[in-house]
Each structure stands twice: as C-alpha cells, then as structure tokens.
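A.B. asks: Questions regarding the structure given below will be posed in turn.
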Amino acid sequence: MAPRIAVVGSINADLVVQMPKLPGRGETVSSSEPKWFPGGKGANQAVAAARMGGNVSMFGAVGDDEPGQMCLAALSQSGVSVEAVAKVSSPTSTALVMVEHSGENQIVVADGANQHASFDSTQISSADAVIVQFEIPESVIIAAGKAATGIFCLNAAPVRTISDELAELVDVLIVNEHEFAELGKPQSGLVIVTAGANEVVAYQDGQVVAKSVPPVVAALDTVGAGDTFVGAFIVAYASGASVSQALDRACAASALSTLKLGAQSGMPTATEVDSFLNSNTN
Ligand code: RIB
C-alpha cells in the first residue's frame, strides 16, 4: 500500500532566469526571458513523493492570487491533496531563482503566505511520515513534530540552528554537506548528508550505515534536486526499504530531476526510476 505522507511546508512561485554566469556582488548581468514555475521546498518534496508513489497531502499556505493558483494546480496535477492548504491575505511567497548555464544556482525567497502555514494535528497524526523544512515558522514545525506518530523528517534547509526541542522530535534529518557543516554539532538518529553529484552518506547516531553515489547525468538545472531526494527517500523508507535501498532510489530520482528546467518539471515517477535503475544494473 502507498505510504501516507504529510508535507507541512513552503509553497513558492519560482521566477527562473538563466544566464551564462551568476552575477557577482554589485554586478548586473543579462539573462534569458523570465519563466514562472511552481516551487518551494515543501511543495517540491510533496510532488516528488507523489510521483514516487506516495499518498501525499500538503499543508501550508498560499495567497489568493495567480501564483498561488499555479502552485496548487501543479500539486494537484501530480496527485497531491491540497484541500488543507490555506488561502491567506498575504501574497504567495516568491523565489527568484538564478540558474547559471553550468547548472549552478542562487535563490532568494521573498516571504509571504508561508509565514501563515498551518495544519490541524488530527490531519497529520495518522500519516506514515511527516516531512518539514525550514521555510515556515519554527512553531509550526515543532507542532508538526509533536503531532507526528510515524517518521518525522526534517530537511534543515535553508539551514538554521536546530533547537534542542526540535532535535528531540526528529527521526530523520536530511541536509546537504554545507548545511551539515553549518549545524556544527552532532545530531542523533538517522542523519543523511547529500553532496550534489558526490557520495551521499547516512549516519545512525554518528556511525556510517550506508552510502550511495548519484548516477552521472548531464544536469541542466539542479534546483529542486535536494527536494526530489527528500521526497523519494521518505517514500521508499516509509514503504519498508532499507536505508541503503532508499538512498539508491533517492539518488537516482534526484539525478533524473536535474534534466529539465524548473524545480518540479523533471521529477521522475517511480516507474521512471525503476527503469533507470534496471538499465544501469544490466
Ligand atoms: O529547493 C528549491 C526551492 O528552494 C525552490 O523551488 C525555491 O522555491 C526555494 O524554496
């Protein structure tokens, strides 16, 4: 049976521009035509989890505006339930996403409706896994951790200090290598550290328990690759896969997600990941 996943998190409209080289401090550069895409770490993880076979519900907030409608439509099209997403008077949060032709990126998130993200404890307490990130208020994240009865996964991005109260609630922590370094103190439980195209390492209470290397692909846009990893990992892990098996699926999914422009555009389905993994082992 498909695992029930609740994502309590951000929903952003991404304004994406591509350029040969990211601007330096004080520099002005020209870019391609601007394009709007659905994004936000929470919504991206919800879409990734749904495409990987999860039964996913999204909890968050958008403005009563066109970007909000675009984001909700994208979630629905991927099979994510958006019934519980609040419509608030603040504008939908917006991310300015600059993508260099090499695939490198820089993102600025202009906050809005995400600050009003909310949920009802009874709506998430029966989920097999609850996923949160750091683009919504800490109080909402802690409430989600307290309400969760299954796996509680924190993707500590964008990185900030993890309070002791929150750390005690987290079962699975997923961070990239830079975020891991910034956290500065050891974290207990299952900690997964991604490193872009390099090896992913899973630690259980500080001991290495599994590793996986993402497959090599010609990445066009890596925005959302980390979110794809989170969604794909949690669906596999909540379905009973071992940490090692879940890492392999998440690595393949995140690599495939980089082949199209836009955080959610390239996120693969479970079938696409299966055939990719089969063709790579044959
Ligand atoms: O992780 C990628 C996401 O970060 C983008 O979609 C953008 O909205 C920012 O939240």
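The values are calculated or read from the model by the stated rules, or taken from the named source; none is laboratory data. If you're wondering where the values come from, they're calculated on a predicted model, not measured in any experiment. Every residue, glycine among them, receives a Cβ derived from its backbone with ideal geometry; neighbour counts consider all protein chains shown. Note: areas computed on protein heavy atoms with side chains; ligands, DNA, RNA excluded. Shrake-Rupley method; radii C 1.70, N 1.55, O 1.52, S 1.80 Å.
A.B. asks: Using DSSP to define loop residues, name the GluC sites (Glu not before Pro) in region 55-152 whose beta-carbon has at most 12 other beta-carbon atoms within 10 Å.
C.D. replies: Details: sites: Glu83, Glu100, Glu104, Glu135, Glu138; in loops: Glu83, Glu104, Glu135.
Sites meeting the loop and neighbour criteria: Glu83.
A.B. asks: How do the peptides 113-120, 194-201 rank, highest first, by the average count of neighbouring beta carbon atoms within 10 Å per residue? Mind dumping the intermediate values first?
C.D. replies: On the way: 113-120: 20.6, 194-201: 18.0.
In decreasing order of mean packing, 113-120, 194-201 become 113-120, 194-201.
A.B. asks: Find out how many positive minus negative residues lie around Lys21, taking Lys and Arg as positive, Asp and Glu as negative, among other residues whose Cβ is under 13 Å from that of Lys21.
C.D. replies: Numbers: positive: none; negative: Glu27, Glu100, Glu104.
Taking every other residue near Lys21 into account, the sum is -3.
A.B. asks: Turning to a different aspect of this structure: Report the local net charge at Asn114: Lys and Arg +1, Asp and Glu -1, summed over other residues whose C-beta lies under 14 Å from its C-beta. Each step should come with its number before you reach the end.
C.D. replies: Working: positive: Lys41, Lys87; negative: Asp14, Asp65, Asp111, Glu135, Glu138.
In short, -3.
A.B. asks: Among the DSSP beta bridges whose two residues both lie in region 47-117, what percent are antiparallel, rounded to the nearest 5? Walk me through the numbers before you get to the answer.
C.D. replies: Numbers: 6 of 10 bridges.
Counting only bridges with both partners in region 47-117, antiparallel ones make up about 60 percent.
A.B. asks: Order the following by accessible area, largest value first: Asp164, Asp227. Probe radius 1.4 Å; ligands, DNA and RNA are ignored.
C.D. replies: Listed by decreasing accessible area, they come as Asp164, Asp227.
A.B. asks: At a Förster distance of 51 Å, what's the computed FRET efficiency of Ser89 paired with Val159, Cβ-Cβ distance as r, to 0.05? Numbers along the way, then the final one.
C.D. replies: Working: r = 30 Å, r/R0 = 0.58.
Given R0 = 51 Å and the Cβ-Cβ separation, E is 0.95.
A.B. asks: Per residue, how much accessible area does region 1-143 have with a 1.4 Å probe, in Å²? Please report the intermediate quantities before stating the final value.
C.D. replies: Working: 6210 Å² over 143 residues.
Ligands and nucleic acids excluded, the result is 43 Å² per residue.
A.B. asks: Based on the mean of other Cβ atoms within 10 Å per residue, sort peptides 44-55, 257-268 so the most packed one is first. Working shown, then result.
C.D. replies: Details: 44-55: 29.2, 257-268: 22.7.
Result, highest mean first: 44-55, 257-268.
A.B. asks: Could I ask something else about it? Counting Lys +1, Arg +1, Asp -1, Glu -1, what net charge surrounds Leu261 among other residues with beta carbon under 12 Å of its beta carbon? Don't jump to the answer; show the numbers that get you there.
C.D. replies: On the way: positive: Lys35, Lys260; negative: Asp14, Glu33, Asp221.
Surrounding charge for Leu261 is -1.
A.B. asks: Work out how much length Gln69 to Val216 would gain on full extension: take 0.36 nm times their residue separation and subtract the Cα-Cα distance, in nm to one decimal.
C.D. replies: Full extension from Gln69 to Val216 adds 49.4 nm.
A.B. asks: If you bin every alpha carbon distance in region 150-244 into 10 Å steps from zero, what whole percent lands in each bin?
C.D. replies: 15, 52, 29, 4, 0
A.B. asks: Ok, one more. Please quote Rg/Rh for region 183-222 to two decimal places, taking the Kirkwood radius as Rh and restricting both calculations to Cα atoms. Mind dumping the intermediate values first?
C.D. replies: Working: Rg = 12.4 Å, Rh = 11.5 Å.
Using Cα coordinates only, the ratio equals 1.08.
A.B. asks: Also: Compute, for Ser102, the solvent-accessible surface of its heavy atoms (probe 1.4 Å) with the complete set of protein chains present, and express it in square angstrom to the nearest 10.
C.D. replies: The accessible area of Ser102 comes to roughly 80 Å².
A.B. asks: Do the sum for the chain: with -39,500 (n - 2.57) for every DSSP H run of n ≥ 4, divided by all residues, what is the mean residue ellipticity at 222 nm, to the nearest 500 deg cm²/dmol? Don't skip to the end; give the middle numbers.
C.D. replies: Values: 9 runs with 89 residues, N = 282.
It lands at -9000 deg cm²/dmol.
A.B. asks: Report, for the chain, the % of DSSP beta bridges that are antiparallel, rounded to 5. Write down the numbers at each step before the final one.
C.D. replies: Details: 21 of 55 bridges.
Taking every DSSP beta bridge with both residues in the chain, the antiparallel ones total about 40 percent.
A.B. asks: Å³ per residue of the Cα convex hull, for the chain?
C.D. replies: Working: hull volume 35.1 nm³, N = 282.
Cα convex hull per residue, to the nearest whole number: 124 Å³.
A.B. asks: How do 246-255, 167-176, 184-193 rank on mean C-beta neighbours within 10 Å, highest first? Before the final figure, lay out the partial values.
C.D. replies: Numbers: 246-255: 26.4, 167-176: 20.8, 184-193: 15.9.
In decreasing order of mean packing, 246-255, 167-176, 184-193 become 246-255, 167-176, 184-193.
A.B. asks: Kirkwood hydrodynamic radius of region 160-201 from all distinct Cα pairs, in Å?
C.D. replies: Numbers: mean 1/r = 0.0925 Å⁻¹.
When all Cα pairs of region 160-201 are included, the Kirkwood radius is 10.8 Å.
A.B. asks: I would also like to ask the following. Restricting everything to alpha-carbon atoms, can you work out Rg to Rh for region 1-120 with a Kirkwood hydrodynamic radius?
C.D. replies: Numbers: Rg = 15.4 Å, Rh = 14.9 Å.
Here Rg/Rh amounts to 1.03.
A.B. asks: Between Lys35 and Lys146, what length comes free when the chain is fully extended (0.36 nm per residue of separation minus the Cα-Cα distance, one decimal in nm)? Working shown, then result.
C.D. replies: Details: separation 111, 0.36 × 111 = 39.96 nm, distance 3.84 nm.
Extending this stretch completely gives an extra 36.1 nm.
A.B. asks: Over the chain, what percent of the accessible surface lies on carbon and sulfur atoms, probe 1.4 Å? Walk me through the numbers before you get to the answer.
C.D. replies: Numbers: 6220 of 12310 Å².
Here it works out to 51 percent.
A.B. asks: Based on Cα positions only, what radius of gyration and what Dmax would you give for region 210-282, in angstroms?
C.D. replies: Taking only Cα atoms of region 210-282, I get Rg and Dmax of 11.3, 32 Å.
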